[in-house]
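K.L.:
The structure is given below, and queries will be raised subsequently.
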Amino acid sequence: MAAIGLNLLIFLPLLAAVVIWTLPDRREHLAPRLALAVSGLTFLIAAGLYLELPVTTQHGAKLDALVGQCRVEWIWAGGRVEHEDGRVQPQNAVVLRYHVGLDAISMPLVALTALLVPLSVWCSFASIQHRLREYYAWLLALSTGMIGVFAARDVLLFYVFFEFTLIPLYFLIGIWGGPQRRYAANKFFLYTFAGSVITFAGILYLGIRAAQIEGGSVIDFDLLRLSSLSLRQLSAGEQSLLFLALLCGFAVKVPLFPLHTWLPLAHTEAPTAGSVLLAGVLLKLGTYGLLRFSLPMVPEGALRWAPLMGWLAIAGIIYGALCCWVQRDVKKLVAYSSVSHLGFCILGMFSLLPVGLSGSVLYMVNHGLSTGALFLVVGMIYERYHTRDLDQLGGLARQMPRLAFFFMLFVLSSIGLPGLNGFVSEFTVLLGAFNSRPIAGYPVLGPWYGVAGATGVVLGAVYMLYAAGKLLFGPLKQPPATPDLSAGLRPDLTRRETAILAPIAVLVVVLGVAPRLITDTLDRPLQTQILDRVYQVRAPAGKLVQYFESDYCLEGGS
């Protein structure tokens, strides 16, 4: 049943997208409600799958097992051998499998996606008034791509879903975006597609090289197989170049400084739902790719480039924060904050410690909640005032107290206030960076990385609280003839808008108080699937160094 549920979770939105697209003109008004019903159903399916995820206990639990695993040979090019018992095996062939399943690393991100999609659909009811069928069809198609990325257990299948997400978002920005929507959509597509082509070349090389190393005649792209190659057979130079190839696609998607220039414009021009899903989920495709594929498949390459990745993450943290400080458009401010926040995610990841990796995954979820919610609130303000300029708005808390409450809650979450979800993830990634030690003779991160990254916390508090003060407090300031209530809105939040923001607000508090709801299931798979692979890298002199799990693995240096 779990396998059926996972396949429904992936493909039901795509099927619904086709149905919505083909609705007759007289039924076009049904598109929003149909999209909301389908996306709500997928959330319930995702919740059911999440409940099936094994929970870590002190005695250990088998967390490497997959929930909803489905494995089918999809594309088979080449020869095959028939055995007497009727079995058919490939020979001198290339095999692409439809292999999906969820574990403790991917499950929180799938749940995040399944939550944000129906909220994004619902928030569009007032703002999207033309070409409804196409709009909601593209939103649901995007849902299929995002969930497919996190569920894929075949690297080439992952790439198919990874690239598929470009198409719906391209049209969402290009058709329903702002005045510069076409330029923003084209820039987004070209940046991300160009980097992905190099990543595709790296995936192909790794699949072919794996067949050579194992002496087999079949080229496939199974994640477990490619993550288990002999490190003695894959040279350090090969791993270093392969890491760079994989990084080209993932770094653009994160986006990692200095490949971030497409993001602020894409966020600013996208419709509210597009911005929510871009910040909440699509940016995590890059961080997830680095964690799931780059670290275990080419661990020595990751070790070689870890210090540079740390400094690029710090550069993004500080640069993004400084850019936020000078923004007058509040939506662009939130967009640049993503550049800064995702730097923390990369910093924790390349500490290569359990606490850092766990904090990195938790940061992906928490950033998706808090920043996605901020984009929702900014969209609700824009629907009423048709401006996002901080110089034209002020004192909104006087007539929008409910909106002010939610906005301040998400701002405090974003800057890492203790007791809310952002604090735990920021603390753990900085702790990981600070305590990181050399592995197999390779320097990784260290105290200075943690100290430099912590400056981003201070800068984040400055720009976020400044923007909140300008927008919400002081004398009332608003453009003439506003607020615009023509779309059935009210001066303060409607019941629909309150219902959209309330579940995120609850999760912001719950994950701030009880982050172990996620982290308890993460520790074991992060250790066995990723860190054990990294800790087996041979030292430069040729000695195979094995590291054992301990408190933060601080004795892992050579």
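The values are calculated or read from the model by the stated rules, or taken from the named source; none is laboratory data. The model shown is predicted, which means the values in this text are computed figures rather than measured ones. Don't worry about glycine lacking a Cβ; one is built from the backbone with ideal geometry, like all the others, and counts go over all protein chains shown. Side chains included, ligands, DNA and RNA excluded: accessible areas come from the protein's heavy atoms. Shrake-Rupley method; radii C 1.70, N 1.55, O 1.52, S 1.80 Å.
K.L.:
For segment 425-458, give me the residue count where each residue is in contact with a Gly (Cβ under 9 Å, 6 or more places away or on another chain) and more than 14 Å from Gly310 (Cα to Cα).
P.N.:
Going through segment 425-458 one residue at a time, the tally reaches 8.
Table: residues versus (1) within 30 Å of Asp391 (Cβ to Cβ); (2) under 16 Å from the mean Cα position of the chain (by Cα).
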| residue | (1), (2) |
| --- | --- |
| Gly237 | no, no |
| Leu256 | no, yes |
| Leu265 | yes, no |
| Leu290 | no, yes |
| Phe293 | no, yes |
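K.L.:
So in segment 477-518, with the set limited to residues that are small (Gly, Ala, Ser) and in a loop (DSSP other than H, G, I, E, B), which one is least open to solvent (accessible area, probe 1.4 Å)?
P.N.:
Ala514
K.L.:
If you check Leu312, Leu333, Leu322, which single one turns out to be more than 23 Å from Ala433 (Cα to Cα) and in a helix (DSSP H, G or I)?
P.N.:
Exactly one residue qualifies, and that residue is Leu333.
K.L.:
For the structure I just gave you, tell me whether Leu522 is among the hydrophobic types (A, V, I, L, M, F, W, C) and at pLDDT 90 or above.
P.N.:
Judged against the criteria, Leu522 is not a match.
K.L.:
Go through segment 433-447 and give me each residue that's at pLDDT 90 or above and among the small types (Gly, Ala, Ser).
P.N.:
Within segment 433-447, just Ala433 meets the criteria.
K.L.:
Being part of a helix (DSSP H, G or I) and open to solvent by 10 Å² or more (accessible area, probe 1.4 Å) is the filter here, so list the residues in segment 253-277 that pass it.
P.N.:
Leu265, Thr268, Glu269, Thr272
Residue-wise test of (1) under 19 Å from Gly289 (Cβ atoms); (2) in contact with a His (Cβ under 9 Å, 6 or more places away or on another chain); (3) of a type in the set (A, V, I, L, M).
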position: Arg181; (1), (2), (3): no, no, no
position: Asn186; (1), (2), (3): no, no, no
position: Thr192; (1), (2), (3): yes, no, no
position: Gly195; (1), (2), (3): yes, no, no
position: Ile203; (1), (2), (3): yes, no, yes
position: Ala211; (1), (2), (3): no, no, yes
position: Arg225; (1), (2), (3): yes, no, no
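K.L.:
Return the residues of segment 267-288 that are among the hydroxyl-bearing types (Ser, Thr, Tyr) and under 30 Å from Arg384 (Cα atoms); say none if nothing qualifies.
P.N.:
Within segment 267-288, Thr268, Thr272, Ser275 meet the criteria.
K.L.:
Related question: Can you run down the residue pairs with Cβ atoms below 6 Å, 6 or more apart or on separate chains, where the first is in segment 1-21 and in contact (Cβ under 8 Å) with a residue 60 or more places away in the chain and the partner is surrounded by 15 or more Cβ atoms within 10 Å (Cβ to Cβ) and of a type in the set (Phe, Trp, Tyr)?
P.N.:
Short answer, once both residue conditions are applied: Ile20/Tyr136.
K.L.:
Here are the criteria: (1) out of contact with any strand residue (DSSP E or B) (no Cβ under 9 Å at 6 or more places or on another chain); (2) under 30 Å from Leu139 (Cα atoms). Tell me which single one Leu229 does not satisfy.
P.N.:
(2)
K.L.:
Okay, next question. What are the residues in segment 448-461 that are of a type outside the set (A, V, I, L, M), open to solvent by 20 Å² or more (accessible area, probe 1.4 Å) and more than 21 Å from Tyr535 (Cβ to Cβ), if any?
P.N.:
Trp448, Thr455
K.L.:
Quick one: which residue in Gly474, Gly441 is in contact with a strand residue (DSSP E or B) (Cβ under 6 Å, 6 or more places away or on another chain) and open to solvent by 20 Å² or more (accessible area, probe 1.4 Å)?
P.N.:
The conditions single out Gly474.
K.L.:
From the set of residues in segment 215-252 that are assigned to a helix (DSSP H, G or I) and small (Gly, Ala, Ser), which is surrounded by the most Cβ atoms within 10 Å (Cβ to Cβ)?
P.N.:
Ranking the candidates gives Gly249 first.
K.L.:
May I ask you to list pairs of residues, at least six apart or on different chains, whose Cβ atoms are under 7 Å apart, with the first in segment 401-419 being modelled with pLDDT under 95 and the second being of a type in the set (D, E, K, R)?
P.N.:
Listed pairs, sorted by first residue: Pro401/Asp492; Arg402/Asp492; Leu403/Asp492; Gly416/Glu426.
K.L.:
With over 14 Å from Tyr288 (Cα atoms) and open to solvent by 10 Å² or more (accessible area, probe 1.4 Å) as the only criterion, which of Val355, Val330 stands out?
P.N.:
Val355
K.L.:
On to the next question. Among the residues that make up segment 68-78, is at least one of them at pLDDT below 85 and closer than 17 Å to Ala111 by Cα?
P.N.:
The answer is yes; a qualifying residue exists.
K.L.:
Keeping to segment 415-438, report how many residues are polar (S, T, N, Q) and open to solvent by 10 Å² or more (accessible area, probe 1.4 Å).
P.N.:
So the answer is 2.
K.L.:
Turning to a different aspect of this structure: Taking the stated definitions as given, is Val365 within 15 Å of Gly416 (Cα to Cα), out of contact with any Phe, Trp or Tyr (no Cβ under 7 Å at 6 or more places or on another chain) and assigned to a helix (DSSP H, G or I)?
P.N.:
yes
K.L.:
Right, something else. Given the residues Ala397, Ala373, which is the only one that is open to solvent by 10 Å² or more (accessible area, probe 1.4 Å), assigned to a helix (DSSP H, G or I) and either more than 24 Å from Leu112 (Cβ to Cβ) or out of contact with any His (no Cβ under 8 Å at 6 or more places or on another chain) (or both)?
P.N.:
Result: Ala397 is the single residue among Ala397, Ala373 that is open to solvent by 10 Å² or more (accessible area, probe 1.4 Å), assigned to a helix (DSSP H, G or I) and either more than 24 Å from Leu112 (Cβ to Cβ) or out of contact with any His (no Cβ under 8 Å at 6 or more places or on another chain) (or both).
K.L.:
When you go through Leu390, Leu357, Leu396 one by one, which is the residue that is touching a helix residue (DSSP H, G or I) at 6+ places or on another chain (Cβ under 9 Å) and more than 24 Å from Val326 (Cα to Cα)?
P.N.:
Leu357
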